[in-house]
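Contents: one structure, followed by commentary.
The values are calculated or read from the model by the stated rules, or taken from the named source; none is laboratory data. Predicted model only: the values in this text are computed from it and were never measured. Methodologically, a virtual Cβ is constructed for each residue, glycine included, from the backbone with ideal geometry; neighbour enumeration extends over all protein chains shown.
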Amino acid sequence: MELFYAPTSPYVRKVMVCAIELGMAEHIVKLPSAAHPLKRDARIANFNPLAKVPAAKLADGTLLFDSRVICEYLDDLGQGALFPRGPERWQVLAEQALGDGLLDAALLARYENTCRSEEMRSQGWIDGQMTKVAAALDDMERSVLVFGTRITIGSITIACALGYLDFRFASYDWRSSRPALAKWFAITSQRPSLQQTVPAD
């Protein structure tokens, strides 16, 4: 598999964490990208018309994009259990959606600050996105006991989302009012798959 890759993307990180957990990371050829919300990369667009990472190309030419699709493909190929069957599947997919939703809001808040000129920025927009982030974190705090020690696409996505907050919103204190979530993340983030994919500029 060829994968357009940006080491700072939390969605790419999610794919790589899954690949490591499944023992499939060595089968991925990383293609460095210059993905940017305002600058379209034609190379990525050949894999994904939205020109967003992660975007993958399989050996048979099949194109896959969106972290959710690529992660499920890897799990299916590796005969893993990151996407369980039965009733637990819906809980895990809901956890993935919550983590992705936090990331979507956090990225929109960051883009407002970094991609728009100062006179064009909307503090109301930023506050609205960060309200979504806080609400997602509060829900995670209430649900964290369900996560336990299991490693699924849900817990991986949530761990990547919390890691992104630490990376891009270092001054945002999400831990003090969410001690259970903070404890869970402190333990989970020590997994080799997450240690090996810590983002860096």
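Can residue 108 be described as surrounded by 14 or more Cβ atoms within 10 Å (Cβ to Cβ), in contact (Cβ under 8 Å) with a residue 12 or more places away in the chain and either of a type in the set (Val, Ile, Thr) or closer than 22 Å to residue 66 by Cβ (or both)? Spelling it out, residue 108 is indeed surrounded by 14 or more Cβ atoms within 10 Å (Cβ to Cβ), in contact (Cβ under 8 Å) with a residue 12 or more places away in the chain and either of a type in the set (Val, Ile, Thr) or closer than 22 Å to residue 66 by Cβ (or both). Restricting attention to segment 2-34, and to residues there that are in contact (Cβ under 8 Å) with a residue 60 or more places away in the chain and hydrophobic (A, V, I, L, M, F, W, C), which single residue is surrounded by the most Cβ atoms within 10 Å (Cβ to Cβ)? Applying the filter and picking the extreme gives 18. Looking only at residues in segment 166-201 that are among the aliphatic types (A, V, I, L, M) and surrounded by 20 or more Cβ atoms within 10 Å (Cβ to Cβ), the one that is farthest from residue 68 (Cα to Cα) is 181.
Per the conditions (1) at pLDDT below 95; (2) closer than 22 Å to residue 177 by Cα; (3) basic (Lys, Arg), the sole criterion not satisfied by residue 142 is (1). Each residue in segment 83-97 was checked for being surrounded by 20 or more Cβ atoms within 10 Å (Cβ to Cβ) and either basic (Lys, Arg) or part of a helix (DSSP H, G or I) (or both), and 3 of them qualify.
Taken together, the residues in segment 113-131 that are assigned to a helix (DSSP H, G or I) and either of a type in the set (S, T, N, Q) or closer than 13 Å to residue 169 by Cβ (or both) amount to 7. The conditions of being assigned to a helix (DSSP H, G or I), of a type in the set (A, V, I, L, M) and touching a Lys or Arg at 6+ places or on another chain (Cβ under 6 Å) are met by residue 182. Summed over segment 63-82, the residues that are part of a helix (DSSP H, G or I), surrounded by 17 or more Cβ atoms within 10 Å (Cβ to Cβ) and not aromatic (Phe, Trp, Tyr) give a count of 7. So is residue 53 hydrophobic (A, V, I, L, M, F, W, C), at pLDDT 95 or above and closer than 15 Å to residue 197 by Cβ or not? For residue 53, the condition - hydrophobic (A, V, I, L, M, F, W, C), at pLDDT 95 or above and closer than 15 Å to residue 197 by Cβ - is not met. Filtering segment 145-168 for residues that are within 20 Å of residue 93 (Cα to Cα) and of a type in the set (Asp, Glu) leaves an empty set.
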